[in-house]
Structures are given as C-alpha cells and as structure tokens.
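Accompanying notes for the structure given below.
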Amino acid sequence: MTLIKNTKTDPNKLLPTNYPWALQAYKTGVSNNWTPEEVVMQNDIEAWKSDRLTEQERKLILYNLGFFSTAESITANNIALILYKHITDPCCRLYLIRQLMEESIHSMMFVYCCDSLGLNPDEIYTMYNTIPSIKDKDDFVIELTKNVFDKDFEIKDSHDAKLFLRDLIGYYVIMEGIFFYGGFAMMLALKRKGKMVGVGEQFEYVLRDEFQHLDFGFNVIDTLKKEEQCWDKEFEEEIVNLVKKAVKLETAYAIEACPEGIVGITSKSFINYIKYIADLRLERLGIKKIYNTKNPLPWMSESVGLRKEKNFFETTVTEYQGAGSLKW
C-alpha cells in the first residue's frame with residue numbers, strides 16, 4: 001500500500017496504519033482545538049476606535065487580515081479538491097479532514113475580527129484583487145497548481161508525481177511555510193508592543209495550527225519522494241527557484257504592508273526573517289540553504305515553541321489544549 005494511487009483503499013480502515021505520523025497529526029489537531037469567539041476582543045475594539053494605533057499599524061493589520069482571509073480559503077480549496085482526491089491513505093485522509101476543519105476555523109477568525117472591529121468586508125475580502133503584493137502571492141500559488149486542478153489529472157507516472165509534489169510544495173512549503181510567516185511575524189510583533197492583543201492571540205492560534213500543517217505536509221512530501229522516486233536534480237533546482245521567487249514576493253509584501261516598520265523592528269527585519277524561514281524550509285526538503293541569514297526575530301521561535309499559561313484569576317483562559325493548556 002502506498003500514499004497515493006491506491007484505488008482499493010477503504011477510507012474507514014485506519015488500522016493497521018502505514019503512516020503513524022498521520023494518525024498522530026490528527027490527534028494533535030484534536031488536542032489543539034479552538035474557536036475564535038474564545039478570545040476577548042474588547043480592548044482591540046477600543047484601540048481600533050481610538051487614536052492608540054498609528055496609520056502604519058492600521059495598514060499592517062488590514063493587509064494581514066486581507067491576505068490571510070483569502071489565502072486560507074485558497075488552501076482549503078486545495079485540500080478539498082486536490083489532496084483528498086489523490087492522497088488515498090486512510091490516516092492521511094483523516095488528517096486532511098481535520099485540517100480542512102481548521103482552515104474553516106481560520107476563515108471564521110477573520111470574519112470575527114472584521115465584525116469585532118467594524119471593518120468593511122468589501123475592502124478586506126477584495127484585497128487579493130486591489131493590493132498588488134497580495135494578488136501576486138495568491139496568483140503565484142494558484143499558478144503552481146493549475147495542472148493538478150484539471151479534472152482529468154491523474155498520477156500515472158513520475159511526471160505526474162512531480163506535478164503533484166509541486167502542488168504540495170506550493171501550498172505547504174510556500175503558502176503556509178513562507179508566505180504565512182511574514183504576516184505572523186508582523187502581527188505578533190504588534191502584540192509584543194501591547195497593541196491589538198486579541199487579534200494577536202488569534203494569530204497565535206492560527207500559527208500553532210499551521211505549525212502542525214507544515215509538519216504533516218513535509219511528511220507527505222518525504223513519503224512521496226521515497227515511494228514515487230520522482231525527485232531529481234532538475235526538479236530540486238526548480239524548487240529552489242520557486243522558493244527564491246516566493247521570497248521576492250514576500251519581500252515586496254513586507255515593504256508594502258510595513259514600509260516604515262513598527263517600533264523597534266524595521267521592514268528589513270521582517271524581510272531577513274523570511275529569508276531565514278525560507279532556508280529552514282529548504283533544509284527540511286533536504287536542500288542546502290541559499291540565504292544564510294541569522295534569525296533577526298528570535299522571539300518568534302519562542303512564540304512557536306513555548307507552552308503558554310495564564311493566571312486563572314487575572315484573565316479568561318482561552319489558550320488551552322483540549323480542556324487543559326496551550327501546548328505545541
């Protein structure tokens with residue numbers, strides 16, 4: 001039995017599993033369950049209606065809400081229309097269903113933020129057309145996957161397997177692994193300054209989910225590389241070029257969304273952070289680093305790696321794992 005092309009797979013036959021990492025990913029996702037409404041937004045609402053935010057900070061928030069609101073739905077479409085169709089292993093499909101639910105939670109998070117702050121949805125949800133740097137990122141990922149979105153596409157040989165791998169790398173590595181992290185860094189930097197803490201917490205929850213999505217995606221990519229024998233030097237060079245282009249697009253986005261930076265952090269810091277993240281993704285794919293940039297935002301590693309706890313008597317406990325505590 002293989003990860004793909006198994007037409008006789010019984011979707012309900014989860015055991016014995018050939019890919020225990022997929023079943024573990026599902027269990028982790030269940031433990032990390034959350035909903036946007038659990039995060040208190042009152043202080044954010046007051047801040048948005050006041051003069052506590054600079055125009056630069058408002059622009060940064062709007063850009064990230066605009067980008068993520070459409071990017072999450074694009075990713076969900078890929079899961080529902082492409083990945084579930086071709087990845088036939090039962091445990092992997094189980095996790096894909098879980099991820100699809102998480103993507104819907106993320107989409108509703110942006111609805112919740114728009115409603116809470118009284119934002120114009122026509123402005124936020126059309127930024128993929130009206131803001132060049134957002135449109136360029138979305139168009140880039142969609143272009144990577146146009147072949148596999150063909151209704152007649154099937155994985156029959158190594159060429160088809162490479163097209164499918166490009167789709168996986170486009171969404172898991174580039175969209176969720178590179179494009180998302182620039183926005184995460186911006187929003188969490190703002191939260192570190194004590195501004196829009198509620199929105200920042202929402203992004204922390206999304207970041208935790210994306211961390212798990214990324215891990216699952218890399219496991220799928222590793223498995224396909226081994227089972228389909230479709231990874232060669234030429235394909236590797238193609239992936240490196242795609243990552244380079246992704247970094248250029250994210251650089252343009254960072255400059256447009258945050259040209260002056262925010263207190264203590266310049267736009268160049270965000271750009272260098274993206275290069276650092278891109279190198280991490282390349283290394284995880286088994287490819288040498290190309291930027292060799294040091295992490296300019298070491299606190300982002302803390303945001304990903306530390307367990308968060310709150311004093312029950314001081315604040316509402318919204319960060320939890322199941323009914324316990326938030327844990328990566």
Helix 132-144 sits off the longest principal axis of the Cα atoms of the chain, rounded to the nearest 10 on a 0 to 90 degree scale, by 10 degrees
When 238, 283, 57, 201 are arranged by how many other beta-carbons sit within 10 Å of their Cβ, fewest first, they go 283, 238, 57, 201
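Within a 10 angstrom radius of the beta carbon, how do 85, 162 rank from fewest other beta carbons to most? Mind dumping the intermediate values first?
Values: 85 16, 162 19.
In increasing order of surrounding Cβ atoms, one gets 85, 162.
Quick one: dipole size for the chain, taken about the Cα centre, charges +1 on Lys/Arg Cβ and -1 on Asp/Glu Cβ, in debye to the nearest 20.
Details: 40 positive and 48 negative charges, 159 e Å.
Taking the Cα centre of the chain as origin, the dipole is about 760 debye.
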Taking the dipole of the range 43-305 about the Cα centre (Lys, Arg +1; Asp, Glu -1; charges at Cβ), the one of 149, 213, 86 that reaches farthest to the positive side is 213
Rounded to the nearest 10, the angle in degrees between the Cα long axis of helix 180-192 and the longest principal axis of the Cα atoms of the chain comes to 30 degrees
For the chain, averaging the sequence separation of alpha carbon pairs under 8 Å that lie six or more residues apart and dividing by its residue count, the contact order in percent is 23 percent
With only helices counted (DSSP H, runs n ≥ 4, each -39500 (n - 2.57)), the per-residue ellipticity at 222 nm for the chain, to the nearest 500, works out to -20000 deg cm²/dmol
Percent of all alpha-carbon pairs of the range 1-109 at distances over 23 Å, whole number, is 46 percent
Flagged as over-length at 24 Å C-alpha distance, from 59/288; 135/245; 85/248; 195/268; 233/289, the pairs are 59/288; 85/248
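Readers should treat all values here as calculations from the given coordinates under stated rules, not as data from a laboratory. Computed from a predicted model, the values in this text were never measured in an experiment. Don't worry about glycine lacking a Cβ; one is built from the backbone with ideal geometry, like all the others, and counts go over all protein chains shown.
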